[in-house]
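This report refers to the structure that appears directly beneath it.
The values are calculated or read from the model by the stated rules, or taken from the named source; none is laboratory data. Just so you know, these numbers come straight off a predicted model, no measurement behind them. When we count neighbours, we look across all protein chains shown, and the Cβ atoms used for this are built from the backbone with ideal geometry, even at glycine. Note: areas computed on protein heavy atoms with side chains; ligands, DNA, RNA excluded. Shrake-Rupley method; radii C 1.70, N 1.55, O 1.52, S 1.80 Å.
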Amino acid sequence: MLCRSFVVLSAIPIRIKVYVPMSILHEALNSQADAIRARKAALLSAHGESAISTVTPGAVLGGMRGIPALVCETSTVSADEGLRIRNIPIMELTDLTPEETFWLLVTGKRATAAEVSALQDVFSRYYAIPQYVIDTLKAMPADSHPMAMLSAALLVMERESEFRKAYDDHTGKDEMWKPIVNDAVRLIASMPGIAAAIYRIRFNKGEVIAPLAGDKDLSNNFAHMLGVSSEASWKELIRLYLVLHTDHEGGNVSAYTSYVVSSALSDPYYATSAALCGLAGPLHGLANQECLAFIMGVREKFGGVPSEEQIKEFAWERLKAGQVVPGYGHAVLRVTDPRFTAFHEFAQKHGIQDDNVQIVQRIFNVVPGVLLEHGKAKNPWPNVDAYSGSLLYSYGMTEFDFYTVMFGVSRAIGLCSQMVVNRMMNLPIVRPKSLTLDALEKAASK
Ligand code: HAX
């Protein structure tokens, strides 16, 4: 919260800006902000011009694959292991809550019970979203994609940005991360309410459901506001879902988009809204929707759960028609995504064995071999999107179009965490050099 007070000295009013710490996060991050800037300055001074990589035309024309060109402190993704959040493998974090995951992402430390409770006190102020957001969602055409609604909802909420107000008030550079924390907390806490409102409005589920009275847990509130199921394991699935999708280092389309947009000092509402537009792409977050459509297509074609032989033939048909197998492959990973494994363990634990889940498991037994034989995909193993939709479906959330919104609620946690840390570092505006093909040919032939 940005409070302004005026102190009148003689006839000249002096405006004093005070950020009321809306969470103990400011306290936790104060010393880190100075330390990280000092580290960046020391690195630049000692090695600012040292080469760490070479750039080839293959990388330039290949989606900048492999070029180490960004900094991301919150998480890393390795080819042989997958996601680590603050250097902890994701499989060791599957019992966390989204609040604890946010704390870990931003501070690099595990939250104490007191810290989680303080964070939830602040989060819970924002579980009920402003009426103007609900009115905007209701005014959108009935066939709007839920991801377009999610991105639009954040844009209408941009007027709440404390970062923009702080910038307009000429806040000092080294202080700018503080209003980002405030925006991050409000944005993350608003996402469940926004997403649940989209679900209920877009799919005619009845009135928008208010948050729980007396329960400050973010995933419990999200599960409740969606109104899909009251089973305890549904709440557990929502918690796990929100933890697994939070962050995947800095170079994926959604994270990179928010990195670029926020580097122009656009506030977190703009940057997250833009990032979600990237998440809406079928090669990125929309793959979970495509995956379930694929699984349902398999079930429909074969009138139930097909044999592994039938799946093999179907996969080959698809590849020969030039189509991808959704949920398989990854730009970085070269093993089964640990998040796929975490969902598989959830299905086992809760005995979920409906047709879709069985098909997911049979595809897993067959498709990696097919992709290996096909020889194109560098990674024949499943990613997170291959499992998630089938679990949501089994609890009664049957609207595929909504699945990427679920992803977005979680991904906003990672995006906002990255924005806080990046602003603590005072990263400059992103401005890589582009080349014409002509210039690239000349540079390459030298
Ligand atoms: N099925 C068929 N072919 C595939 C494939 C798959 N699942 N994955 C990759 N390939 C093909 C590519 O289309 C490419 O073919 P061309 O040379 O003809 O263009 C070739 O194999 C090499 O691709 P790659 O280097 O292995 O993969 P990329 O880094 O270019 O792309 C993708 C990574 C995830 C986009 C890709 O594997 C894909 O399209 N997978 C299916 C969609 C999917 O599951 N997306 C979700 C990814 C996870 C994520 O970001 N979630 O948000």
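Mind listing the long-range amide H neighbours of Ser75? Cut-off is under 5 Å, sequence gap 5 or more, other chains count too, H placed in the peptide plane at 1.01 Å from N.
Amide H neighbours of Ser75: Arg86, Glu249.
With a cut-off of 8 Å between alpha carbons and a minimum separation of six or more residues, what is the relative contact order of the chain in percent?
Reported as a whole number, the value is 22 percent.
Which sequence of Ile363, Ile52 reflects their accessible areas, 1.4 Å probe, from the largest down?
Largest accessible area first, the residues go Ile52, Ile363.
Using alpha carbon coordinates only, what is the Rg to Rh ratio of the stretch 302-393, with Rh defined as the Kirkwood radius?
Checking Rg against Rh, the ratio lands at 0.96.
So for Lys138, Lys446, what's the accessible-area order with a 1.4 Å probe, most first?
Lys446, Lys138
Could you please report the charge total around Ile295, scoring K, R as +1 and D, E as -1 over all other residues with beta-carbon less than 13 angstrom from its beta-carbon?
Around Ile295, the charge tally is -1.
Could you tell me the calculated FRET efficiency between Leu155 and Leu283, based on Cβ-Cβ distance and R0 = 25 angstrom, to the nearest 0.05?
After rounding to 0.05, the efficiency reads 0.60.
Provide the gained length on full extension for the span Glu175 to Ala321, in nm with one decimal, where the gain is 0.36 nm per separating residue minus the Cα-Cα distance.
Additional length available on full extension: 47.1 nm.
State, to one decimal in nm, how far the label point of Ala128 lies from the label point of Asp438, with both points 7 Å from Cα in the Cβ direction.
6.3 nm
With each run of n ≥ 4 DSSP H residues scored as -39500 (n - 2.57), what mean residue ellipticity at 222 nm is computed for the chain after dividing by its residue count and rounding to the nearest 500 deg cm²/dmol?
-17500 deg cm²/dmol
When ranked by the protection proxy of mean other Cβ atoms within 10 Å per residue, highest first, what sequence do the peptides 142-153, 325-336 form?
The most tightly packed comes first, giving 325-336, 142-153.
How large is ³J(HN,Hα), in whole Hz, for each residue of the stretch 412-429 in order, when computed from phi with the Karplus curve 6.51 cos²θ - 1.76 cosθ + 1.60 and θ = phi - 60°, using x for Gly and Pro?
4, 5, x, 4, 5, 4, 4, 5, 4, 5, 5, 6, 4, 7, 6, 5, x, 5
How far is the Cα center of the stretch 183-226 from the Cα center of the stretch 377-446, in Å?
So the two Cα centres are separated by 24 Å.
Suppose every Lys and Arg Cβ carries +1 and every Asp and Glu Cβ carries -1, with no other charges. What dipole size does the chain come out with about its Cα centre, to the nearest 20 debye?
On the way: 42 positive and 46 negative charges, 219 e Å.
Once rounded to the nearest 20, the dipole reads 1060 debye.
Starting at the first residue of the stretch 369-385, write each ³J(HN,Hα) from the Karplus equation 6.51 cos²θ - 1.76 cosθ + 1.60 with θ = phi - 60°, in whole Hz, x for Gly and Pro.
x, 5, 5, 4, 5, 4, x, 9, 4, 6, 10, x, 9, x, 9, 4, 5
Taking 0.36 nm per intervening residue step and subtracting the Cα-Cα distance, what contour gain separates Glu231 from Ser45 on full extension? If you can, show how the numbers build up before the last one.
Working: separation 186, 0.36 × 186 = 66.96 nm, distance 5.62 nm.
Stretched out fully, the Glu231 to Ser45 stretch lengthens by 61.3 nm.
Among Met397, Pro382, Pro432, flag the residue with its Cα farthest along the positive direction of the charge dipole of the stretch 375-446, charges on Cβ as +1 for Lys/Arg and -1 for Asp/Glu.
Pro432
Could you calculate the contour length gain from Glu81 to Gln361, that is, 0.36 nm times the residue separation minus the distance between their Cα atoms, to one decimal place in nm?
Residue separation times 0.36 nm, minus the Cα-Cα distance, leaves 98.7 nm.
Provide the net charge surrounding Thr107, with neighbours chosen by a C-beta distance below 15 Å and charges set as Lys +1, Arg +1, Asp -1, Glu -1.
Around Thr107, the surrounding residues sum to -2.
Just Thr272, Thr107, Thr54 to compare: in a GNM of the chain, with alpha carbon springs under 10 Å, which one fluctuates most?
Answer for the Gaussian network model of the chain: Thr54.
Count the net charge of all other residues whose Cβ sits under 11 Å from the Cβ of Lys378, scoring Lys and Arg as +1 and Asp and Glu as -1.
On the way: positive: Arg65, Arg334, Lys376; negative: none.
Computed value for this residue: +3.
Based on alpha-carbon centroids, what's the gap between the stretch 70-97 and the stretch 254-286 in Å, whole number please?
So the separation of the two Cα centres works out to 20 Å.
For the chain, what is the convex hull volume of its Cα atoms per residue in Å³?
Dividing the Cα hull volume of the chain by its residue count gives 184 Å³.
Applying the Karplus parametrisation 6.51 cos²θ - 1.76 cosθ + 1.60 with θ = phi - 60° to the phi angles of the stretch 62-77, what ³J(HN,Hα) value in whole Hz is obtained for each residue in order, glycine and proline being reported as x?
x, x, 6, 3, x, 7, x, 10, 9, 10, 8, 8, 6, 7, 9, 10
Suppose R0 equals 56 Å. What FRET efficiency, 1/(1 + (r/R0)^6) with r the Cβ-Cβ distance, do Arg37 and Ala293 give to the nearest 0.05?
0.75
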